[in-house]
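Just so you know, all these numbers are worked out from the coordinates, no wet-lab data involved. All figures in this text were calculated on a predicted structure; none of them were measured in a lab. Methodologically, a virtual Cβ is constructed for each residue, glycine included, from the backbone with ideal geometry; neighbour enumeration extends over all protein chains shown.
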Amino acid sequence: MIRTEKLTRTFGSRIAVEGLTLEAQEGEILGLLGPNGAGKTTTVRMLACLLAPSSGEAWVGGHSVLREPQRVRRLVGILTESPGFYKRLTVERNLRFFAELYGVKEPGPAVQRTLERLGLWDRRKEPVATLSKGLRQRLAIARALVHDPKILFLDEPTAGLDPESARSVRDFIGELASDRRTILLCTHNLAEAEELCKRIAVLRTRLVALDTPAALKSRLFGTRVAVDLAQPRPDLLASLHLPFVGEVSLDGHTLTVAVDDPERDNPKLVRRLVELGAEIRYVQRLERTLEEVYLELMGGSDGAP
Amino acid sequence: MERLRALVRKEWEELFKIKMVIYGSVFLPLLMGGFAGFMVWTARDVPPEAQATLLNTALMYFLILPVMIPSTLAVYSIVGEKEQGTLEPLLATPLSDWELFLGKAVVAVVPALALTWALFGVFLAAVQVMLGQIPSTVLTLPWLLSMFLLAPLLSLFAVLVSMLVSSRTSDPRAAYQFSGLAVVPTLIPLIVYSARFTAVNLFFVVGEGGGLILLNAVLLYIAVRVFQREQVLTRWK
């Protein structure tokens, strides 16, 4: 549904996006993570045909952003970084205007359907100026959806929202993906990316990493288990020789062991520890957060800035 | 065409909700109409030649209106989008550059011409009432060409300049400032024209009209070329 091939954009001498190659399948939420200035918004703008690439190519819904920008614009819905509205016009009038621009055949029913879905139908007669930030964000999502696009670009959809509004927006994004829509989600919120995205692309002008959240964690840190012992046993550090065991450390009663695959290796590990006379209270899989992964990737990448 | 209509409808709905725009658009016609009415009042008891001169001056007021009104509306139409943060969502729609440009221009030109011509109708009625008849020097070919050829051309010129300025400046305040200055050259021929104290004549009207057609064609070409969504999006901060 979305494909980029060595997509590059420069502004004068500054490189905003360099050689970006990635692909998002139908029904997938692909997260774009990266610090400010990493090129996330520029990438979305290129894919939405708001900016032309300096070099490289991209296809959205099978259409080239270079040769068929009008077709691409009809296909996609976009939630921009700072979603603005005609504040003096009503909620309904704002949405109807965009429905007409997108060529929706019957704008009235489409507007009603979309506003109802976003829980804004009761507020339809109110000027946008009177809406809270959370409601405006919902209206912005409604605008991105009013023409029923199969591809959505969401740039920081929960930025600046209170936890409750952010939760409702996230739930709604999850529902959208179950409609087989392809979503490109730019976010700084790592928990949000982990919760919603099937795969995550980490950008820092260039593509630093692209994989599922679980694979990114595993690839960078491996998988570790914590074994809580009844008694501290420093001798185990030297005697725990198993082919699937990596680094081993002891902190008080807790033995931390790096293993290849906990589901497969844990029974063998527990058996070996018991053989060595260890009294095990419990065994727990240690999860790295996506934040740790992200910081590791950012620290290790040499892209600017 | 549907998209163009949608844009024009939305623009007018929005402009009608902005009191300052309404007051600004109504104040100028009232002021110019007042000046023109004063000219007619003064022309009641003067010889025909002096009367013609006074009425020519009144005509000048009607040619200033289609320049002043649309420039304010045209600049706001772009500045307003940027200020409200609606420019990016708007540019992301399938609306073409031509539709966007033309829509914004129509929004500014049509009310300006409607107000100008309505006021001209009131002026003619006032002339009929105050002078007992419409003098033969008023409803001549040069007068009619001035109202129905020069006025639209001047209006279009003002809009083109405003849009050009809007799409090239990086600050809304600068856009307002520059667009105000940009219409000054339009007024120069009018001032020269009125300062000659001659009756409105075909030579001047056709000459100025021809010049404006040429100028507008060049401006339209330049304006559409520089009015690119990418430029507008990245330059306006």
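Points worth noting:
- Here each label is just a point 7 Å from Cα along the line to Cβ, and for A:Glu5 and A:Thr254 those points are 5.0 nm apart.
- Using alpha carbons only: equivalent-ellipsoid semi-axes of chain A, gyration tensor based, whole Å: 46, 23, 16
- 3J(HN,Hα) along region B:81-87: 4, 5, 4, 8, x, 9, 5 Hz, from the Karplus curve 6.51 cos²θ - 1.76 cosθ + 1.60 with θ = phi - 60°, whole Hz, x for Gly and Pro.
- Nearest 10 degrees, 0 to 90: helix A:262-275 Cα axis against chain A principal axis: 20
- Since only A:Ala193, A:Val65, A:Ala209 are under comparison, the one whose Cα sits farthest along the positive direction of the charge dipole of chain A, derived from C-beta charges on Lys, Arg, Asp and Glu, is A:Val65.
- Pairs from A:Lys87/B:Lys17; A:Lys125/B:Lys104; A:Lys105/B:Lys104; A:Lys87/A:Lys133; A:Lys87/B:Lys19 whose Cα-Cα separation, in the structure shown, is over 20 Å: A:Lys125/B:Lys104; A:Lys105/B:Lys104
- Whole-number percent relative contact order across region B:1-91, with pairs defined as alpha carbons under 8 Å at least 6 apart: 24
- Distance between the modelled labels on A:Asp148 and B:Ala114, one decimal in nanometres: 3.5 nm (7 Å Cα→Cβ projection).
- Calculated FRET value between B:Leu202 and A:Glu23, using beta carbons and R₀ = 56 Å, to 0.05: 0.25
- Sequence of A:Ser168, B:Ser166, A:Ser55 once ranked by neighbouring C-beta atoms within 10 Å, starting from the fewest: A:Ser55, A:Ser168, B:Ser166
- Residue of A:Val104, A:Val202, A:Val274 that the Gaussian network model of chain A assigns the largest fluctuation, springs spanning Cα pairs under 10 Å: A:Val274
- Förster-model FRET efficiency, 35 Å R0, B:Trp41 and B:Leu214, C-beta, rounded to 0.05: 0.35
- Averaging the sequence gap over all C-alpha pairs within less than 8 Å and six or more residues apart, then dividing by the number of residues, gives region A:221-285 a relative contact order of 49 percent.
- Note: relative contact order over region A:2-211, using C-alpha pairs below 8 Å and six or more positions apart, is 31 percent.
- Here A:Glu275 and A:Ala226 are evaluated by their C-beta separation; at R0 = 25 Å the FRET efficiency comes out at 0.80.
- Modelled spin labels at A:Ser239 and A:Arg67, positioned 7 Å past Cα toward Cβ, are 7.1 nm from each other.
- Bridgeable lysines around A:Lys217 (alpha carbons under 28 Å apart, same-chain partners fewer than 8 residues away excluded): A:Lys6, A:Lys40, A:Lys198, A:Lys268.
- If you sort the three axes of the alpha carbon gyration tensor as a ≥ b ≥ c, you get a/c under 1.5 for region A:221-285, which makes it rounded.
- Added length on full extension, which subtracts the Cα-Cα distance from 0.36 nm per residue, A:Leu295 to A:Ser54: 83.8 nm
- Taking B:Tyr221, B:Tyr76, A:Tyr294 and counting other C-beta atoms within 10 Å, the order from fewest to most: B:Tyr221, A:Tyr294, B:Tyr76
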